[in-house]
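Have a look at the structure below before the remarks.
The values are calculated or read from the model by the stated rules, or taken from the named source; none is laboratory data. The model shown is predicted, which means the values in this text are computed figures rather than measured ones. A quick note on method: Cβ atoms are made from the backbone with ideal geometry, for glycine too, and the neighbour counts reach across all protein chains shown. Accessible surface areas use protein heavy atoms only, side chains included; no ligands, DNA or RNA. Shrake-Rupley method; radii C 1.70, N 1.55, O 1.52, S 1.80 Å.
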2 protein chains.
Amino acid sequence: MESRKEADLLTKWDGSAFVPHVSIDLVIFGFHDGQLKVLLLHWRTGTDWLLPSGFIHHDENMDDAAHRSLQERTGLQAVFLQQFHTFGEAVRFKHFTKQETMIRLGFPGDIDEPLFRRHVSIGYYALVEFSEVVPTPDQFTDECRWWDVDEVPPLLFDHNDMIKLALKTLRRQLSYQPIGYNLLPEKFTMPELQRLYETILGQPLDRRNFQKRVLGYDILERLEERKTGGAHKAPYLYRFDKARYEKVLEDGMSFVG
Amino acid sequence: MESRKEADLLTKWDGSAFVPHVSIDLVIFGFHDGQLKVLLLHWRTGTDWLLPSGFIHHDENMDDAAHRSLQERTGLQAVFLQQFHTFGEAVRFKHFTKQETMIRLGFPGDIDEPLFRRHVSIGYYALVEFSEVVPTPDQFTDECRWWDVDEVPPLLFDHNDMIKLALKTLRRQLSYQPIGYNLLPEKFTMPELQRLYETILGQPLDRRNFQKRVLGYDILERLEERKTGGAHKAPYLYRFDKARYEKVLEDGMSFVG
DNA sequence: TTTTCATTGTGTCTATCTTACACACTATAA
DNA sequence: TTATAGTGTGTAAGATAGACACAATGAAAA
């Protein structure tokens, strides 16, 4: 408890408000400029970046805590947010040792800072609409911004691994579930949707087959409207049917050999 | 710390040796008599059953803790063991309230027993060979035995939900990954393997197509030996090729739309 | 000893799903 | 007015998954 006061010089964070030893890490994906982006925070001191994290109130459901943390960083609610893995290595330092990390983060190297206690981190990944996000740093950070997923710098702790696994999970789910709409604005064109899929999967897709397949989910509604402004034939706009979407997601996948 | 002493009357368990607020719950599947089984523990006092649990030493990797706990309950090492979901509801009591549960388990209703603190539980599921298991109770329990998965009684906490989700995960993985061998002895016949799959998936499978498919994974080796003793034509014995198996598992699934 | 019976071993044909592919149309820019 | 780049649309071929039947065999029963 003594050492907490020292740490409090740096932060006003009261760790006792939360379940100790457990944190939530968020891999928040957005899509912009034909690039898949991930939201990172910059530590107030030093040069380091890391994933947004959250903690769980003593009487709070873990999923709710994840939503709350996401809301705090992005201003958004009600988005696609899903637990994907729990990280429980005893030593979660990767690019830097614990000592190095503490120094980089501006903590005296010997204090018992709750943030440096043994943590089990539940990884969640979110799909959000880029343009709606208001990136907001937390008490420990002074900047919150998007990074291209393939330009992410070496992050603190094992956060690079987390992004890698979140991306793997996203790709897998994208391949057999109709998620992905979550990354686009309300109305979007088929080419936009396709480019999104191509970017995430990292491979080109056939235009006609893609359309056939994605319409096959029967969760998209084609509007009369078309999108003008491009120097080409105006594509139709689509909107997705939230009710059907939920139903398809619930049914889950139809795995039967 | 005071209240610990009271609890210690009942148990010799020293919670401080472990990361608090975090537990590991194991859904251990076995296969016997054409039935999928799950290993449950019986609380020393009362009539209640629950899943085997474990805790994480402060300097121990979570996966290692899961393996250790599995080893303690079954005597087995090196089996298929996989994290499948983390359960983080604030209230994890299901069939009984917290008060009821504490009474049923023989704790005074007002103490601060570590076992009843807010927990986040990482669910692991394991596939083990039934005949090799030596079911072993822990400090809190006086019996450890197999139950048919569809005859599991109402369990303490949210353990019924855990089994349900573990089973769902198992079925999904079984449908597109060559797991399942883990539930059989070293040498097994194709019909045995098929019956295992049919039991887990809860549906009959075509004999010829099943064989075609399972051999397609190219991880089974057919022996010269045949299994005699049945009142019928003697089936071939198979063994699986661990090296190839590992490789297939690593590659993961080939999801590409 | 012979017969019966339940079970194993095996390949092909069909239906379904997946993939490859081309041309006419149109909104802007030149 | 023309050029250009990107959109809208259907079909045929290939790959994959699913249905299906008969001969062989080992033990048990006759």
Selection count, segment A:54-97, where residues are open to solvent by less than 30 Å² (accessible area, probe 1.4 Å), of a type in the set (D, E, K, R) and more than 25 Å from B:Q83 (Cβ to Cβ) | 1
Among the listed residues B:R208, B:R239, which satisfies the condition of being on the phi < 0 side of the Ramachandran plot, more than 16 Å from DNA strand D (Cβ to nearest atom), open to solvent by 60 Å² or more (accessible area, probe 1.4 Å) and not assigned by TED's automatic domain parsing to the domain that holds B:V120?
-> B:R239
For segment A:215-236, does any single residue satisfy the condition of being under 19 Å from A:V128 (Cα atoms), away from DNA strand D (no atom under 12 Å from the Cβ), loosely packed, with under 14 Cβ neighbours inside 10 Å and aliphatic (A, V, I, L, M)?
-> no
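Could you tell me whether A:E186 is within 21 Å of A:L76 (Cβ to Cβ) and charged (D, E, K, R)?
Details: within 21 Å of A:L76 (Cβ to Cβ): yes; charged (D, E, K, R): yes.
Taking the combined requirement at face value, the residue satisfies it.
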Test: B:V152 is surrounded by fewer than 19 Cβ atoms within 10 Å (Cβ to Cβ) and more than 30 Å from B:T228 (Cα to Cα) = yes
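Give B:F140, B:F107, B:F188, B:F116 a once-over and let me know the one that is open to solvent by less than 30 Å² (accessible area, probe 1.4 Å), more than 16 Å from DNA strand D (Cβ to nearest atom) and outside the structural domain of B:W43 (by TED's automatic domain parsing). Before you say what the answer is, go through the steps one by one.
Numbers: B:F140 fails: outside the structural domain of B:W43 (by TED's automatic domain parsing); B:F107 fails: outside the structural domain of B:W43 (by TED's automatic domain parsing); B:F116 fails: outside the structural domain of B:W43 (by TED's automatic domain parsing).
B:F188 is the lone residue from the list that is open to solvent by less than 30 Å² (accessible area, probe 1.4 Å), more than 16 Å from DNA strand D (Cβ to nearest atom) and outside the structural domain of B:W43 (by TED's automatic domain parsing).
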Residue count, segment B:213-250 (criterion: within 14 Å of chain A (Cβ to nearest Cβ) and away from DNA strand C (no atom under 11 Å from the Cβ)) | 4
Would you check if B:G30 is within 13 Å of another protein chain (Cβ to nearest Cβ) and at pLDDT 95 or above?
-> no
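When you look at B:E89, is it in a loop (DSSP other than H, G, I, E, B), over 13 Å from the mean Cα position of the chain (by Cα) and farther than 20 Å from B:L156 by Cβ, yes or no? Spell out the reasoning first.
Working: in a loop (DSSP other than H, G, I, E, B): yes; over 13 Å from the mean Cα position of the chain (by Cα): yes; farther than 20 Å from B:L156 by Cβ: no.
Here the answer is no, as B:E89 does not meet what is asked.
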Cβ pairs under 8 Å, 6+ apart or interchain, first in segment B:218-239 and farther than 24 Å from B:I179 by Cβ, second open to solvent by less than 80 Å² (accessible area, probe 1.4 Å) and within 6 Å of DNA strand D (Cβ to nearest atom), ordered by first then second residue, are B:R226/B:A234; B:T228/B:A234
Starting from segment A:188-217, take each residue that is under 22 Å from A:A234 (Cα atoms) and list its partners that are of a type in the set (V, I, T) and within 12 Å of DNA strand D (Cβ to nearest atom), counting only C-beta distances under 7 angstrom and pairs at least six apart or across chains.
-> A:L193/A:V214
Scan segment B:47-65 for residues that are closer than 30 Å to B:E100 by Cα and touching a residue at least 60 places away in the same chain (Cβ under 8 Å) and jot them down.
-> B:D48, B:W49, B:L50, B:L51, B:P52, B:S53
Exception for A:P178 within (1) at pLDDT 95 or above; (2) closer than 21 Å to A:K242 by Cβ falls at (1)
